[in-house]
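Nothing in this text is a laboratory measurement; each read-out follows from the coordinates by a stated rule. Predicted, not measured: the structure shown is a model, and the values here were computed from it. In this analysis, Cβ positions are derived from the backbone assuming ideal geometry, glycine residues included, and neighbour counts consider all displayed protein chains.
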Amino acid sequence: MDKLNILWTTDNKDTVFNMLSMYAINSLTNKWWDDVNLIIWGASAKLIGNDTQVQTEIIEMIKQGVSLEACKDCCDNFGVTDKLTSLGINVRYMGKSLTDYIKSGEKILSI
C-alpha cells in the first residue's frame with residue numbers, strides 16, 4: 001500500500017484550503033496515494049476546535065476518505081478534545097505512533 005502521512009502543525013487557515021485539504025483529497029481522487037492520513041498536532045488542533053469553516057473542511061476530508069488522527073495531549077491543552085472527537089477524528093497520544101511511522105519508512109509530509 002502506498003501511504004502518505006501529512007503532519008499538520010500550523011494554525012494558518014489559508015494553508016488548510018489552499019494546500020492541505022486540496023492535496024489530501026486530490027491525492028485520493030486521482031489515486032496518487034492509496035491512503036492519506038492526516039496527523040493533527042499542535043496549533044492545528046486549536047484551529048480545528050475553534051473554527052467552524054475549518055471543521056466543515058475536516059468533515060469533507062473524512063467523507064472523501066482521508067483518515068485523521070490528532071495528538072491527545074495537544075487537544076487537551078487547547079481544550080478541544082471533545083470537539084475533535086465529535087468530528088470523527090481519532091484523538092490519541094501520537095508520539096509513539098509518529099515514531100513508528102517514521103521508523104517503518106512511511107512517507108511523511110510536514111506542514
Residue pairs, from the table LYS31/LYS83; LYS83/LYS103; LYS63/LYS83; LYS83/LYS107; LYS13/LYS103, whose Cα atoms sit over 26 Å apart: LYS31/LYS83; LYS83/LYS103; LYS83/LYS107; LYS13/LYS103
Unmatched cysteines, the chain - criterion: no other Cβ of a Cys under 4.7 angstrom: CYS75
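Taking Cα pairs under 8 Å and at least six residues apart, what relative contact order does the chain come out at, in percent?
So the answer I get is 34 percent.
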Per residue, how big is the convex hull around the C-alpha atoms of the chain? Give it to me in cubic angstrom, could you? 83 Å³
Of the trypsin sites (Lys or Arg not before Pro) in region 1-55, which ones lie in a loop per DSSP and count no more than 11 other C-beta atoms within 10 Å? LYS31
Please turn the phi angles of region 60-67 into ³J(HN,Hα) values with the Karplus equation 6.51 cos²θ - 1.76 cosθ + 1.60 (θ = phi - 60°), one per residue in order, whole Hz, x for glycine and proline. 5, 4, 4, 4, 7, x, 6, 8
For the chain, which longest stretch is free of loop sites, where a loop site is one of the chymotrypsin sites (Phe, Trp or Tyr not before Pro) that DSSP puts outside H, G, I, E and B and that has at most 14 other Cβ atoms within 10 Å? 33-92
Kirkwood hydrodynamic radius of region 65-111 from all distinct Cα pairs, in Å? 11.6 Å
State, to one decimal in nm, how far the label point of ASN90 lies from the label point of LYS31, with both points 7 Å from Cα in the Cβ direction. 2.5 nm
